[in-house]
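Colleague: Below is one structure. I have some questions about it.
The values are calculated or read from the model by the stated rules, or taken from the named source; none is laboratory data. Computed from a prediction, not measured in an experiment: that's the story for all the values here. Quick reminder, even Gly has a Cβ in these numbers, built from the backbone with ideal geometry, and neighbours come from all protein chains shown. The protein model used for the area step is the full one, side chains on, heavy atoms only, and it has no ligands, DNA or RNA in it. Shrake-Rupley method; radii C 1.70, N 1.55, O 1.52, S 1.80 Å.
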Amino acid sequence: KAGVTQTPRYLIKTRGQQVTLSCSPISGHRSVSWYQQTPGQGLQFLFEYFSETQRNKGNFPGRFSGRQFSNSRSEMNVSTLELGDSALYLCASSFFRGGTDEQFFGPGTRLTVL
Amino acid sequence: AQSVTQLGSHVSVSEGALVLLRCNYSSSVPPYLFWYVQYPNQGLQLLLKYTTGATLVKGINGFEAEFKKSETSFHLTKPSAHMSDAAEYFCAVSPQGGSEKLVFGKGMKLTVNP
């Protein structure tokens, strides 16, 4: 069974640009969560999608948005990039939500903002 | 709000020595607790989790953790460290009833010396 895949793995952008990151969950998984990992702030929850609906949202500005498609694939978008947005963005999927299901993490997309 | 404290950021042990990584949480209700491991340039992998029931939880790679409600702790241990255990370890907590929105500790980098 293929794991969670994230594309691209590495990305370099400049301030003010926007970026879209993609996440393909494990086949059959319907819940997708996104996290930002930085050396200073550690791992922080961005948002979670289930059945194409955002169910949870972390404390991030509106520049961060996401969506989920009918096949459970998810994208997150960051507009008007700032230097502080440089981070590893991790996607995680699980079969259910509201339970004890394990979240399976992808390898992440490393975003560098110059 | 729930939070997780992992004191220190780095621990170094000798191969064969005991590994002890500390985790304390704050929560008004018994949470779900998790330990994840992250190897360089990879996503997170679940080591073990506590939801309900037995307070001593065994995970993969010989790790185990004990949930102590009175101490609000969930320390991770392994009797004998192996070189392959060198990685970063994260303790995480989630609200009762779901694992989609994890609150992570700052992480602990484990170095294993030969």
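Colleague: Which value results for Rg/Rh of the stretch A:47-114 when Rg is the Cα radius of gyration and Rh the Kirkwood radius based on the inverse mean 1/r? Can you show the working numbers first?
Modeller: Details: Rg = 13.0 Å, Rh = 13.3 Å.
Result: Rg/Rh = 0.98.
Colleague: Normalised by the residues of the stretch A:1-43, what does the relative contact order come to in percent, with Cα pairs under 8 Å and at least six apart? Walk me through the numbers on the way to the answer.
Modeller: On the way: 28 pairs, mean separation 16.5, N = 43.
That works out to 38 percent.
Colleague: Let me ask something else. Hey, what's the stretch B:9-97 come to in accessible area per residue, 1.4 Å probe, Å²?
Modeller: Dividing the accessible area of the stretch B:9-97 by its residue count gives 46 Å².
Colleague: Evaluate 2.2 N^0.38 Å with N set to the residue count of the stretch B:1-44, then give the Cα radius of gyration divided by it.
Modeller: Working: Rg = 13.5 Å, N = 44, 2.2 N^0.38 = 9.3 Å.
Ratio of Rg to 2.2 N^0.38 Å for the stretch B:1-44: 1.45.
Colleague: Using a Förster distance of 22 Å, how high is the FRET efficiency between A:Glu82 and A:Ser22, based on the Cβ-Cβ distance and rounded to 0.05?
Modeller: Numbers: r = 21 Å, r/R0 = 0.97.
Working from the Cβ atoms, E equals 0.55.
Colleague: Below 10 angstrom from the Cβ of A:Leu111, what's the summed charge of the other residues (Lys, Arg +1; Asp, Glu -1)?
Modeller: Details: positive: A:Lys13, A:Arg110; negative: A:Asp85.
Spelling it out: positives minus negatives among the neighbours equals +1.
Colleague: Still on this structure: At most 13 other Cβ atoms within 10 Å plus a DSSP loop assignment makes a site exposed; report the longest stretch of chain A without any exposed trypsin sites (Lys or Arg not before Pro). Intermediate results must be reported in sequence, preceding the final value.
Modeller: Numbers: sites that count: A:Lys1, A:Arg9, A:Arg15, A:Arg63.
That gives A:64-114 as the longest site-free run.
Colleague: Follow-up. When you take every Cα atom in chain A, what is the radius of gyration, and what is Dmax, the widest Cα pair distance, in Å?
Modeller: Values for chain A (Cα only, Rg and Dmax): 13.3, 40 Å.
Colleague: Same structure again: Could you calculate the FRET efficiency of A:Leu11 with B:Tyr39 from 1/(1 + (r/R0)^6), where r is the beta carbon distance between them and R0 is 30 Å, rounded to 0.05? Mind dumping the intermediate values first?
Modeller: Numbers: r = 21 Å, r/R0 = 0.71.
E between A:Leu11 and B:Tyr39, to the nearest 0.05, is 0.90.
Colleague: Additional query: Can you list the GluC sites (Glu not before Pro) in the stretch A:1-94 that are in a DSSP coil and have 14 or fewer other beta carbons within 10 angstrom? Write out the running numbers ahead of the final one.
Modeller: Values: sites: A:Glu48, A:Glu52, A:Glu75, A:Glu82; in loops: A:Glu52, A:Glu82.
Counting only loop positions with at most 14 other Cβ atoms within 10 Å, the GluC sites (Glu not before Pro) in the stretch A:1-94 are A:Glu52, A:Glu82.
Colleague: Once amide H atoms are built 1.01 Å from N in the peptide plane, which residues 5 or more positions from B:Leu48, or in another chain, come under 5 Å H to H?
Modeller: B:Trp35
Colleague: Another one. Residues of A:46-54, mean number of Cβ from any other protein chain within 10 Å of their own Cβ, rounded to a whole number?
Modeller: Working: counts 1, 2, 4, 1, 1, 0, 0, 0, 0.
Going residue by residue through A:46-54 and averaging, the value is 1.
Colleague: Tell me, which longest segment in chain B has none of the GluC sites (Glu not before Pro) that fall in DSSP loops with at most 14 further Cβ atoms within 10 Å?
Modeller: Result, exposed sites excluded: B:16-70.
Colleague: Considering Cα pairs under 8 angstrom that are at least six residues apart, work out the relative contact order of chain B and quote it in whole percent. Don't jump to the answer; show the numbers that get you there.
Modeller: Working: 285 pairs, mean separation 43.1, N = 114.
Relative contact order of chain B: 38 percent.
Colleague: For the pairs B:Lys49/B:Lys109; B:Lys69/B:Lys109; B:Lys49/B:Lys101, flag any whose C-alpha to C-alpha distance is greater than 18 Å. Present the calculation step by step, with values, prior to reporting the outcome.
Modeller: On the way: B:Lys49/B:Lys109 20 Å; B:Lys69/B:Lys109 25 Å; B:Lys49/B:Lys101 14 Å.
From the list (B:Lys49/B:Lys109; B:Lys69/B:Lys109; B:Lys49/B:Lys101), the Cα-Cα distance tops 18 Å for B:Lys49/B:Lys109; B:Lys69/B:Lys109.
Colleague: By the scheme Lys and Arg +1, Asp and Glu -1, what is the net charge of all other residues having a beta-carbon under 15 Å from that of A:Gln37? Walk me through the numbers before you get to the answer.
Modeller: On the way: positive: A:Arg9, A:Arg110, B:Lys106, B:Lys109; negative: A:Asp85, B:Glu88.
Local net charge: +2.
Colleague: In nm, what is the difference between 0.36 nm times the number of residues separating B:Leu56 and B:His10 and their Cα-Cα distance?
Modeller: On the way: separation 46, 0.36 × 46 = 16.56 nm, distance 2.46 nm.
Using 0.36 nm per residue and subtracting the Cα-Cα distance, I get 14.1 nm.
Colleague: Then there's this: Along Cα→Cβ, 7 Å out, is where each label goes; now give me the distance between the ones at A:Thr53 and B:Glu66 in nm to one decimal.
Modeller: Each label point is offset 7 Å from its Cα along the Cβ direction, giving 4.3 nm.
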